[in-house]
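The values are calculated or read from the model by the stated rules, or taken from the named source; none is laboratory data. Here the structure is a predicted model, which is why all the values come from computation and not from measurement. No Cβ is skipped: glycine too gets one built from the backbone with ideal geometry, and neighbour counts run over all protein chains shown. Side chains included, ligands, DNA and RNA excluded: accessible areas come from the protein's heavy atoms. Shrake-Rupley method; radii C 1.70, N 1.55, O 1.52, S 1.80 Å.
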Amino acid sequence: MERILNYINGKLVEPKSGNYLDNYDPSRGVVYGEIPDSDREDVKEAITAAQTAFPEWSAKSNEERSRIMMRIADLIDENLEKLALAESKDNGKPLKLARRVDIPRASSNFRFFATGVIHFASESHLMEGEAINYTTRTPVGVAGCISPWNLPLYLFTWKIAPALAAGNTVVAKPSEITPMTAFLLSELCIEAGLPSGVLNIVHGLGPKVGQAIVEDPDVPLISFTGGTATGKAIAATAAPMFKKLSLELGGKNPNIIFADCDFDNALRISVQSSFANQGQICLCGSRIFIERPIYEKFRDAFVEKVNRLKIGPPLDESSNLGAVVSKQHMEKVLSYIDLAKKEGGKILAGGNRVELDGEFSEGYYLEPTVIEGLDYQCRTNQEEIFGPVVTLTPFDSEEEVLTMANSTEYGLAATIWTQDLTRAHRVSHKLKSGIIWVNCWLLRDLRTPFGGMKKSGVGREGGWEALKFFTETRNVCIKL
Ligand code: TXE
């Protein structure tokens with residue numbers, strides 16, 4: 001059994017209650033470790049440590065903070081293989097994906113904000129002949145960072161890095177479903193010489209540990225990524241205390257394929273945008289809209305490609321899809337496939353659990369699933385499934401596809417495939433999504449604003465947006 005510990009005030013410590021939760025290996029469906037079942041007392045200790053560390057950390061120069069963060073980034077790179085293996089085991093994702101995407105992105109997050117903060121500048125506004133204004137952006141205090149299970153270290157560091165770079169101290173909670181790489185990060189932070197209390201990581205359940213962070217009046221900033229229902233509960237708790245809130249929530253993203261697209265690219269990348277990480281990325285395009293003249297050609301080629309995807313153990317280099325994250329999540333996704341059938345959908349590919357051989361026979365594997373024949377307003381097409389399930393829907397005009405694409409309560413990301421530049425601009429501006437990709441998907445420049453409209457969230461992460469979120473703005477006006 002691998003037992004992990006909390007990271008509080010620079011030390012790896014047991015939860016005060018002495019209680020632990022099971023940690024599952026989804027590729028085998030077995031418990032392989034224990035994680036602290038922390039509670040309010042552990043959180044309080046972490047907040048006190050962060051408060052104590054704040055004056056010194058916030059007073060350091062940007063260069064000093066940057067130097068320590070760069071050391072953490074280097075250590076992540078040096079431990080790439082160990083971290084990728086841990087991520088793959090904890091989450092069920094293919095090792096090659098963790099090695100290529102998750103872990104390199106975690107070190108990039110540290111490096112990006114460690115260097116970014118050195119270049120971060122604020123504005124001054126001259127009122128000619130009257131006054132000069134200048135703006136300062138200073139660290140706020142203790143930031144609460146709560147992250148999900150789909151891209152564990154990637155999203156955890158996406159919050160922690162800007163919070164620390166801006167001079168805040170942090171109390172963070174990774175998902176209890178995938179806590180392992182956050183624990184390994186705490187060991188790397190100790191090795192890098194991060195001062196005690198600057199980053200504290202408390203493991204445990206959302207309603208216990210997460211809620212205690214959100215409720216505490218000494219945590220003025222909350223950055224959360226996760227489900228929309230949880231985001232709503234967090235906002236309800238935090239809003240009366242006027243906390244700064246960044247909420248990165250769910251998506252039901254449209255992938256719009258016009259008849260004039262570069263067919264082969266649209267096809268190849270649509271398979272990725274549908275099923276990467278077993279469809280468990282908030283940016284996956286789960287509703288594919290195809291212009292009528294190429295509907296059948298695209299559908300048939302897509303189904304053929306999907307049927308060739310290999311579902312297998314995460315460590316197997318040939319696996320395209322690994323396991324989904326938990327039994328509960330697998331059952332949720334399967335219930336949506338049942339719902340789709342009841343709603344009149346036709347399953348063109350997949351639709352079932354996959355039972356692998358030997359030690360993987362109890363793992364949570366699902367076939368990549370393609371469904372057609374559903375109304376765009378049905379529940380399958382409106383609710384976030386967050387698994388390897390996509391629907392195909394034909395459309396006849398731009399107006400029609402915009403109505404369908406914008407019909408959900410979400411507005412995170414959208415993809416457009418067309419060779420017509422004017423149309424790409426026109427449609428982009430009419431889509432109610434915070435992130436739009438034209439002829440590509442998940443091409444990320446960390447300087448760009450990242451986040452969604454409607455129930456996909458509040459605020460934007462990334463670049464200066466993140467550094468602005470993690471600082472308090474003050475304007476000074478001086479009469480000339
Ligand atoms: O997420 P939760 P769940 C979507 C996806 C998925 C659904 C539910 O549709 O099926 O959300 O997933 C912590 N106060 N996404 O239940 O619960 C929790 O411990 C404070 C989309 O796993 O939102 C974890 O650390 N914190 C998403 C984090 O919140 C609380 C990624 C996210 O868990 C809390 C994941 C509370 N009351 C799921 N309750 C995306 N946008 O990428 C839970 N938490």
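Points to keep in mind about this one:
- Members of the range 90-125 that are at pLDDT below 95 and either buried (at least 22 other Cβ atoms within 10 Å of the Cβ) or among the polar types (S, T, N, Q) (or both): Ser122
- Whichever residue in the range 137-164 is among the hydroxyl-bearing types (Ser, Thr, Tyr) and crowded, with 24+ Cβ neighbours inside 10 Å and, among such residues, is farthest from the ligand (Cβ to nearest atom): Thr157
- Test result for Ala235, touching a strand residue (DSSP E or B) at 6+ places or on another chain (Cβ under 9 Å), free of Cβ contacts under 8 Å to residues at least 12 places away in the same chain and within 16 Å of the ligand (Cβ to nearest atom): no
- Pair list, Cβ under 7 Å, 6 or more apart: the range 304-318 residue closer than 25 Å to Ile347 by Cβ, other residue of a type in the set (Ser, Thr, Tyr) and not in a loop (DSSP other than H, G, I, E, B): Ile311/Tyr365
- Boolean, Leu194 is more than 26 Å from Glu41 (Cα to Cα) and either within 16 Å of the ligand (Cβ to nearest atom) or not hydroxyl-bearing (Ser, Thr, Tyr) (or both): no
- Single residue of Glu384, Glu398 found to be under 30 Å from Gly350 (Cβ atoms) and open to solvent by 10 Å² or more (accessible area, probe 1.4 Å): Glu384
- A single member of Ser433, Ser397, Ser428 is more than 16 Å from the ligand (Cβ to nearest atom) and closer than 30 Å to Phe112 by Cα, and it is Ser428.
- Pairs where the first residue, in the range 321-332, is more than 11 Å from the ligand (Cβ to nearest atom) and the second is open to solvent by less than 10 Å² (accessible area, probe 1.4 Å) and among the acidic types (Asp, Glu), C-beta under 9 Å, 6+ apart: Ala323/Asp25
- Out of Leu185, Leu205, sole residue that is open to solvent by 10 Å² or more (accessible area, probe 1.4 Å), more than 25 Å from Phe120 (Cα to Cα) and either outside the structural domain of Thr237 (by TED's automatic domain parsing) or touching a residue at least 60 places away in the same chain (Cβ under 8 Å) (or both): Leu205
- Looking across the range 364-388 at every residue that is β-branched (Val, Ile, Thr) and out of contact with any Leu (no Cβ under 8 Å at 6 or more places or on another chain), the one that is farthest from the ligand (Cβ to nearest atom) is identified as Thr369.
- Here the range 356-374 is the region considered, the condition is being charged (D, E, K, R) and without any contact (Cβ under 8 Å) to a residue 60 or more places away in the chain, and the residue that is surrounded by the fewest Cβ atoms within 10 Å (Cβ to Cβ) is Asp357.
- Test for Ser335: is it outside any loop (DSSP other than H, G, I, E, B), within 16 Å of the ligand (Cβ to nearest atom) and assigned by TED's automatic domain parsing to the domain that holds Gly387: yes
- Strands (runs of 3 or more DSSP E) lying entirely in the range 363-480 (those with 3 or more residues that are polar (S, T, N, Q)): 471-479
- In summary, Gln211 fulfils each of the numbered conditions (1) open to solvent by less than 20 Å² (accessible area, probe 1.4 Å); (2) in contact with a helix residue (DSSP H, G or I) (Cβ under 8 Å, 6 or more places away or on another chain) with the single exception of condition (1).
- Filter result (open to solvent by less than 40 Å² (accessible area, probe 1.4 Å) and either under 24 Å from Pro314 (Cβ atoms) or out of contact with any Pro (no Cβ under 7 Å at 6 or more places or on another chain) (or both)) within the range 22-38: Asn23, Asp25, Pro26, Ser27, Gly29, Tyr32, Gly33, Ile35
- Members of the range 284-341 found to be open to solvent by less than 10 Å² (accessible area, probe 1.4 Å), under 23 Å from the mean Cα position of the chain (by Cα), of a type in the set (A, V, I, L, M, F, W, C) and under 29 Å from Glu359 (Cα atoms), listed by number: Leu321, Ala323, Val324, Val325, Met330, Val333
- Assessment of the range 208-224 against the conditions (in a loop (DSSP other than H, G, I, E, B), on the phi < 0 side of the Ramachandran plot and without any contact (Cβ under 8 Å) to a residue 60 or more places away in the chain) yields at least one matching residue.
- Odd one out for Gly251, checked against (1) open to solvent by less than 10 Å² (accessible area, probe 1.4 Å); (2) more than 10 Å from the ligand (Cβ to nearest atom): (2)
- The range 197-231: number of residues that are near the ligand (Cβ under 10 Å from one of its atoms) and touching a Cys at 6+ places or on another chain (Cβ under 9 Å): 4
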